[in-house]
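The values are calculated or read from the model by the stated rules, or taken from the named source; none is laboratory data. Just so it is clear, the model here is predicted, and its values are computed rather than measured. For neighbour counting, all protein chains shown are included, and Cβ atoms are generated from backbone atoms with ideal geometry for every residue, glycine included. In case anyone asks, the SASA skips ligands and DNA or RNA and just uses the protein heavy atoms, side chains included. Shrake-Rupley method; radii C 1.70, N 1.55, O 1.52, S 1.80 Å.
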Amino acid sequence: MAIRQKCNKKRMALLNATLSLVNNQGFHDAPMSKIAKMAGVSPATIYIYFENKQDLINKLYLEVKAAFSTHAFKDAHEDLPVKKGFELIWYNIADFKLNHVEEATFLSQCDNTPMIDEESRREGLKHLQPLLDLWERGQNEGIIKPLSPFILYAYTIYPLAFLTLIQQRNFCQLDTKMLDESFLAAWDSIKV
């Protein structure tokens, strides 16, 4: 009996198909059969790469979260002043949400579904550690309000999801002026 070799191209096709189906039809209307068909593989092939749909979704979530993190913290370092570091990270996140729409949409859906298991959520939170560390440093320096990191995230990063959504729906265009105003509103909401 021949042993089937794993092919990264097929794995990526499965992840991309899952991303597209989940974004366009939701988690529950993205069955393995549709994922396989869209990826151009047999349904049995999925199980070479993933244990089940839950495993597929969790792995996709963690890969997209890692890509988001890499983009968000590009050029960030501990030597930057708190406001400058936050500004750099905030604009990087805005850029990701505006230019990696499929991935950003998927992450937003993951925030609002029980499909992602707790272990994967905890792992996903680790990808935000540089931002959490920056906020903690800002709090220690008396620059950022002593609030939970969840509240800080809700007031600074979550609004970007709304703004990118209204742009996708053609209600407004996020130009440089609007992004600058949004950043200042985010900063004003958390600075002391």
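Quote the relative contact order of segment 46-192 in percent (integer), defining contacts as alpha-carbon pairs under 8 Å separated by 6+ residues.
Once divided by the residue count of segment 46-192, the mean separation gives 27 percent.
Quick query: amide H of Ile144 versus all other amide H atoms, modeled in the peptide plane; which residues come in under 5 Å with a sequence gap of 5 or more or a different chain?
Gln139, Val192
Mind checking segment 75-147 for chymotrypsin sites (Phe, Trp or Tyr not before Pro) that DSSP puts in a loop (not H, G, I, E or B) and that have at most 10 other Cβ atoms within 10 Å?
Numbers: sites: Phe86, Trp90, Tyr91, Phe96, Phe106, Trp135; in loops: none.
Hits after loop and neighbour filter: nothing returned.
What range in the chain is the longest one free of trypsin sites (Lys or Arg not before Pro) that are in a loop by DSSP and have at most 14 other Cβ atoms within 10 angstrom? Walk me through the numbers on the way to the answer.
Values: sites that count: Arg4, Lys6, Lys74, Arg169.
The answer is 75-168.
Can you give me the angle between helix 53-72 and the longest principal axis of the chain, using Cα atoms only, in degrees from 0 to 90, rounded to the nearest 10?
40 degrees
First compute the accessible area of segment 1-112 with a 1.4 Å probe, then give the percent of it belonging to carbon and sulfur atoms.
Here it works out to 53 percent.
Per residue, how much accessible surface does segment 70-163 expose to a 1.4 Å probe? Answer in Å², no decimals.
On the way: 5180 Å² over 94 residues.
That works out to 55 Å² for each residue.
On a full-extension model of 0.36 nm per residue, what is the gain between Phe27 and Cys7, subtracting their alpha-carbon distance, rounded to one decimal in nm?
In short, 4.7 nm is gained.
Compute the label zone of Ala66 within segment 30-51: residues whose backbone N is under 20 Å from the point 7 Å along Cα-to-Cβ.
The answer is 46-51, whose backbone nitrogens lie closer than 20 Å to the label point.
Once the piece of chain linking Lys126 and Ala161 is laid out straight, how much longer is it, given 0.36 nm per residue of separation minus the C-alpha distance between them?
Stretched fully, the Lys126-Ala161 segment lengthens by 10.6 nm.
Which label belongs to the value computed from this structure, given these candidates for volume of the Cα convex hull per residue in Å³: (1) 134; (2) 125; (3) 104?
Looking at volume of the Cα convex hull per residue in Å³ for this model, the match is (1).
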